[in-house]
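A quick write-up on the structure given underneath.
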Amino acid sequence: MTASAAPASQTPEELFAAVCDHARRVAVLASVEALLGWDEQTFLPPEAGSYRGEQAAAVAGIVHRLRTDPAHGDRIAALAAGPLAHSGPAVVVGTIRLLERDFTKQARLPARLVEELAKTSIDAQQAWRAAREASSWAAFAPWLERMFALKREQAACQLPDRDPYDALMDDYEPGASWPAIAAQFERLRGQIVPLVRACVDAPQRPDDGLLRRACPVADQRRFVRTVAERIGFDFQRGRLDTAAHPFCSTMGPDDCRITTRWDERFFPTALYGVLHEAGHGMYEQGLPRDWHGLPPGEAASLGIHESQSRLWENLVGRSPAFWEWCFPVARDAFPGALAGTTADEVQRALMTVTPSFIRVEADEVTYNLHVMLRFDLERAVMQGTLAVADLRDAWNERFETDFGIRPPTDAEGVLQDIHWAAGLVGYFPTYTLGNLFAAQMMHAAETRLPGLDREIAAGNFRGLLDWLRQHVHAHGRLLDSERLVEQATGSPVSEQWLVASLQHRYGAAHGL
Ligand code: ZN
């Protein structure tokens, strides 16, 4: 499947078609990789893991070879130097720019480093599992030392002119620069820490006891599917299955898989897992279908992806309007558990704020404090101002400052996330960027769509989804996230919408 070098006689349009054709073939194989990964996390028999590892590595090798095929690079370079890259239609100009950027970054990684990163990531994740089990920071620290050294090397190879942390963030949030994000996060933190204290000290704290009554999983399955369908997840082009760690994965223009997990004594686990992943899924289903496998058909960034999931999960799914529609549906599904309750009581029970050690279980308000802590610490390590050896103590200090509690064990502190072991450095800030973008988009949608609240209360989500389709999904990856948000909302990216949204919604639920 090696592309031949570009014949001199090819017109720029023919060259563009050939480059797109190659990129689509890479996407077809990459989707096979995604299918193997989805199956691994949903249906793979326990003993089949090691052969699946071989299958995945074999496909990954082919994908990487195709992606970095020098003949493909020559064609892209010829295109980038030709007239289409400057005076073609905007979508073509953008596609050429992004394909060239992606190819250059990939090609700058020596094969040795790619292999070392892949191997170290697998070994470090195993070491992390054992270290977390034993709650032993000392057992994991040397692996982290090794991983951060490789990530520094990767940053220097791929984007040598950029700050090393920015170079790594670029894989997840293209073009992002840490000083602006750090300033935004610092202002956000300055508002959230006191909000958490105020919620914790509030005289009328919401109590989630009524959500902890037994709801059979079979009933939960029907309920969450109804909700996902109603908000706009297309089951003709997608599926919902069970996974220990919920995720969304796309393996074709008409094949988007979402997953959730179940807790018989806390139905919000499944419901909010589904609202979150369906938010990701509806973004994938809303990307320009004809450009699947090419930048105009791809997500803008992880931050934008997360904005779509968090918008549906929190800004829609925890609102009084949503519960006006959803409560009768939930009561029909769980007549025993919800007998004698009201929509208001359920909605308020979903607004508890409790500082806790584990990020993935955190409430909406404290969640960002978890993310900002990791952003500051991993950046300091990358930039050489914090030694890996001091990471655990720095974590505990910062945790106590922000949350007022100190992790009793390393498993509940510095060892809780798999990201660093997997080499995902520069990834964490996208979680809070997603919340920030979501709040700003929701504010804009509410301003531009009068009566949105009433529509949601009536179970009509089409207007909101269409607005997101038009202003966010339709642009694919052609705009970077800052420009996309600014264009969609009419204002530069700011943390003020998230602060206002949290203060307003959680203030109301706590009688502040
Ligand atoms: Zn997500």
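Taking every alpha-carbon pair within the range 206-264, the share separated by more than 16 Å comes to 53 percent. Accessible area per residue (1.4 Å probe, heavy atoms of protein chains only) ranks 283, 427 as 427, 283, with the largest value leading. Computed from backbone phi with θ = phi - 60° and the Karplus coefficients 6.51, -1.76 and 1.60, the 3J(HN,Hα) list for the range 228-234 is 4, 5, 5, 6, x, 6, 8 Hz; x is used for glycine and proline.
Of the chymotrypsin sites (Phe, Trp or Tyr not before Pro) found in the range 28-57, those in coil by DSSP whose Cβ has at most 14 other Cβ atoms within 10 Å are 43. Ordered by 1.4 Å accessible area with all protein chains kept, 69, 171, 332, 102 run largest first as 332, 171, 102, 69. Within the range 212-261, antiparallel bridges make up roughly 40 percent of the DSSP beta bridges whose residues both belong there. Electrostatic tally near residue 332: other residues with Cβ closer than 10 Å to its Cβ, Lys and Arg +1, Asp and Glu -1, net +1. Amide H to amide H distances under 5 Å link residue 266 with 215, where only residues 5 or more positions off or on other chains count and H is placed in the peptide plane. Distant-in-sequence amide contacts of residue 238, defined by a placed amide H-H separation under 5 Å and a gap of 5 or more residues or a different chain, comprise 256. Relative to the globular-protein estimate of 2.2 N^0.38 Å, the Cα radius of gyration of the range 416-512 stands at 1.27. Quick one: with all protein chains in place, what share of the accessible area of the chain is carbon or sulfur, to the nearest percent (1.4 Å probe)? The nonpolar share, carbon plus sulfur, comes to 53 percent.
Computed with a 1.4 Å probe over protein heavy atoms only, the accessible area of residue 255 comes to about 40 Å².
Within the chain, antiparallel bridges make up roughly 40 percent of the DSSP beta bridges whose residues both belong there. Between amide H atoms placed 1.01 Å from N, distances below 5 Å from residue 259 occur with 241, 247, all of them 5 or more places distant or on a separate chain. Here the convex hull built on the C-alpha positions of the range 435-486 has a volume of 75 cubic angstrom per residue. Put simply, the convex hull of the Cα atoms in the range 318-390 casts, on average, a shadow of 7.0 nm².
Taking a sphere under 12 Å around the Cβ of residue 32 and counting the other residues whose Cβ falls inside, with K and R at +1 and D and E at -1, yields a net charge of -2. Whole-Hz Karplus values for the range 203-219 come out as x, 10, 8, x, 10, 9, x, 6, 7, 9, 8, 4, 10, x, 4, 4, 5 Hz, taken residue by residue from phi with 6.51 cos²θ - 1.76 cosθ + 1.60 and θ = phi - 60°; glycine and proline positions read x.
Other residues with beta-carbon under 14 Å from the beta-carbon of residue 446 carry, at +1 per Lys or Arg and -1 per Asp or Glu, a net charge of +1.
The residues of the range 12-161 expose on average 52 square angstrom of accessible surface per residue, using a 1.4 Å probe on protein heavy atoms. For the chain, adding -39500 (n - 2.57) for each run of n ≥ 4 DSSP H residues and dividing by the number of residues yields -20000 deg cm²/dmol at 222 nm. What is the percent of Cα-Cα separations in the chain that go past 35 Å? The proportion of pairs with Cα distances above 35 Å equals 36 percent. Once C-alpha pairs closer than 8 Å and six or more residues apart are averaged by separation and normalised to the residue number of the chain, the relative contact order reads 20 percent. Computed from the alpha carbon atoms alone, the convex hull of the range 99-216 holds 233 Å³ per residue.
The string of couplings for the range 504-509 from the Karplus curve (6.51, -1.76, 1.60, θ = phi - 60°) is 5, 6, 7, x, 4, 5 Hz, one whole number per residue in order, with x for Gly and Pro.
Annotation: per residue accessible area for the range 219-363 equals 36 Å², rounded to a whole number [probe 1.4 Å, protein chains only]. Residues 269, 342, 366, 447 ordered from highest to lowest accessible area at a 1.4 Å probe: 447, 342, 269, 366. You can think of it this way: the chain between residue 118 and residue 193 has 23.2 nm of extra reach, that is 0.36 nm per residue less the Cα-Cα gap.
The values are calculated or read from the model by the stated rules, or taken from the named source; none is laboratory data. In this text the structure is predicted, and so the values were computed from the model without any measurement. Positions of Cβ are backbone-derived with ideal geometry, glycine not excepted, and every protein chain shown enters the neighbour counts. Quick note on the areas: whole protein, heavy atoms, side chains included, nothing else; ligands and nucleic acids left out. Shrake-Rupley method; radii C 1.70, N 1.55, O 1.52, S 1.80 Å.
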